[in-house]
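Asks: Below are the structure tokens for one structure; questions will follow.
The values are calculated or read from the model by the stated rules, or taken from the named source; none is laboratory data. For clarity, every value in this text was computed on a predicted model and none was experimentally measured. Quick reminder, even Gly has a Cβ in these numbers, built from the backbone with ideal geometry, and neighbours come from all protein chains shown.
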Amino acid sequence: MTCQIELLGPNRENEYETFIQSFPTTMIYASLVYRDILREFIPAEPKYLIALDDSSEIIGALPAFISRANNFPPVINSLPFYGSNGGVIADPARPCLKKSLIEGFNSLARQHGCAASTIVTSPFSSEDIGCYEEFCRHDFRDERIGQITCLPDLPQDGRNVKNLLMGMYHQKTRNMVRKAEKSGVSAKKSLSEDDWKFLSDTHQENMREIGGLAKPKSFFSLIDKHLTGKKSCSVYTAFFDRKPIGALLVLYYNRTAEYFTPVVLGEYRSFQPLSMLICQAMQDAVEIGCRFWNWGGTWLNQDGVYDFKKRWGTKDFPYYYYTKVYDHSILACSKNELLEHYPYFYVLPFSALKGN
């Protein structure tokens, strides 16, 4: 069977959504609502590739964004923004189709004069790694550890969901949840203006404490704008003595709940409010039919973060950043130049820069 690769147009958006949701492991990053959030937030243009069969039906997809950088050549990511997972969405048994989409992505990079291209694969795409290795023609490959908790089906025999989940957790995690409960911490799920403000403000504070790059407040406003009405997000807030001390933003799409933004006030970490919130959010995820709880990527050297997630009954799902350089002059840039001119895009490993 032959296929034709083209850019997604407005007339096929409903068909695109139906197609990607037909795969139970497709995450929110491939969705059009996430595309719309990124389109409003970052200086970039969406370029979503689709593969069509002889009957002009969608049989494959690869979402991507091209940056707009003044006086610098563009770069293309599938996908940008904190390592949002992209890559090929297609029948795992069709390597030729995957090859066509990856080659279409490479062709798009050349057509737009991109300095570099990067595909961030899905943690669920282990069967596709051979295709990426062969067809990306990459110069660099970076690795992350995806950690996912496979959630149980909603019990039909009256068993308590919380007890079912607690049985999956490590003893240390169960103790942390119980400590929060015994300390008098309470939790609620709400999307009020106060909840969003606490989440955003505390996120800024937490990132300053560790020297990390915070998601701006305007991004949380876009999450609220695009996802709240679709019931595709929840904010869980923990309280002690009526004071908010921690919060967790969870995104939902298809069969996956995304552990998106956890925050906690430093002076209340020992109360373990986040553990209580995660446990509650996982229960709710089971009850609405989610099968996967995605913890996001962990760097290979983040042993403490890895161990924390591991104790929630996770399995490891490695995924990769495949980067091809088209304009080698970009290797002469500094880390700060790349961060300034390509905000929220992955350009290449900083270790590859000549001045590093």
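Asks: How many residues, within segment 142-161, are loosely packed, with under 14 Cβ neighbours inside 10 Å and either outside any loop (DSSP other than H, G, I, E, B) or at pLDDT 95 or above (or both)?
Replies: Going through segment 142-161 one residue at a time, the tally reaches 2.
Asks: Within segment 194-207, take every residue that is of a type in the set (Asp, Glu) and closer than 13 Å to residue 236 by Cα and give me the one that is farthest from the chain's Cα centre (by Cα).
Replies: Restricting to residues being of a type in the set (Asp, Glu) and closer than 13 Å to residue 236 by Cα, the top hit is 194.
Asks: Please specify each residue of segment 250-262 satisfying the condition of being over 21 Å from residue 175 (Cβ atoms), in contact with a Leu (Cβ under 6 Å, 6 or more places away or on another chain) and of a type outside the set (D, E, K, R).
Replies: 260, 261
Asks: Residue 207 fails exactly one of the following numbered conditions: (1) surrounded by 16 or more Cβ atoms within 10 Å (Cβ to Cβ); (2) part of a helix (DSSP H, G or I); (3) of a type in the set (A, V, I, L, M, F, W, C). What is the number of that condition?
Replies: The single condition residue 207 does not satisfy is (1).
Asks: Among the residues in segment 223-238, are any assigned by TED's automatic domain parsing to the domain that holds residue 156, at pLDDT below 95 and outside any helix (DSSP H, G or I)?
Replies: Yes, there is a match, as at least one residue in segment 223-238 is assigned by TED's automatic domain parsing to the domain that holds residue 156, at pLDDT below 95 and outside any helix (DSSP H, G or I).
Asks: Quickly run through segment 162-172 and pick out the residues that are part of a loop (DSSP other than H, G, I, E, B) and crowded, with 16+ Cβ neighbours inside 10 Å.
Replies: The answer is 168, 169.
Asks: Looking at the structure I just gave you, is residue 30 under 30 Å from residue 289 (Cα atoms) and aliphatic (A, V, I, L, M)?
Replies: yes
Asks: Does residue 213 count as crowded, with 20+ Cβ neighbours inside 10 Å, in contact with a helix residue (DSSP H, G or I) (Cβ under 9 Å, 6 or more places away or on another chain), aliphatic (A, V, I, L, M) and closer than 22 Å to residue 28 by Cβ?
Replies: no
Asks: Which count do you get for residues in segment 277-303 that are in contact (Cβ under 8 Å) with a residue 60 or more places away in the chain and among the polar types (S, T, N, Q)?
Replies: Residues flagged as in contact (Cβ under 8 Å) with a residue 60 or more places away in the chain and among the polar types (S, T, N, Q) within segment 277-303 amount to 4.
Asks: Can I ask one more? Exactly one condition in (1) modelled with pLDDT under 95; (2) not assigned by TED's automatic domain parsing to the domain that holds residue 346; (3) not charged (D, E, K, R) is false for residue 185; which is it?
Replies: The failed condition is (1).
Asks: Against the definition (outside any helix (DSSP H, G or I), β-branched (Val, Ile, Thr) and within 19 Å of residue 320 (Cβ to Cβ)), how does residue 102 come out, yes or no?
Replies: So residue 102 fails the test.
Asks: Right, another one. Looking only at segment 118-141, count every residue that is outside any strand (DSSP E or B) and of a type in the set (Val, Ile, Thr) and tell me the total.
Replies: Residues flagged as outside any strand (DSSP E or B) and of a type in the set (Val, Ile, Thr) within segment 118-141 amount to 2.
Asks: Based on this model, can you work out whether residue 195 counts as touching a residue at least 12 places away in the same chain (Cβ under 8 Å), more than 23 Å from residue 27 (Cβ to Cβ) and among the charged types (D, E, K, R)?
Replies: yes
Asks: Taking strands (runs of 3 or more DSSP E) that do not extend beyond segment 1-99, which have at least 2 residues that are touching a Pro at 6+ places or on another chain (Cβ under 7 Å) and buried (at least 19 other Cβ atoms within 10 Å of the Cβ)?
Replies: 65-67
Asks: Would you check if there is a residue in segment 269-276 being within 18 Å of residue 287 (Cβ to Cβ), aliphatic (A, V, I, L, M), in contact (Cβ under 8 Å) with a residue 40 or more places away in the chain and in contact with a helix residue (DSSP H, G or I) (Cβ under 7 Å, 6 or more places away or on another chain)?
Replies: Yes, there is a match, as at least one residue in segment 269-276 is within 18 Å of residue 287 (Cβ to Cβ), aliphatic (A, V, I, L, M), in contact (Cβ under 8 Å) with a residue 40 or more places away in the chain and in contact with a helix residue (DSSP H, G or I) (Cβ under 7 Å, 6 or more places away or on another chain).
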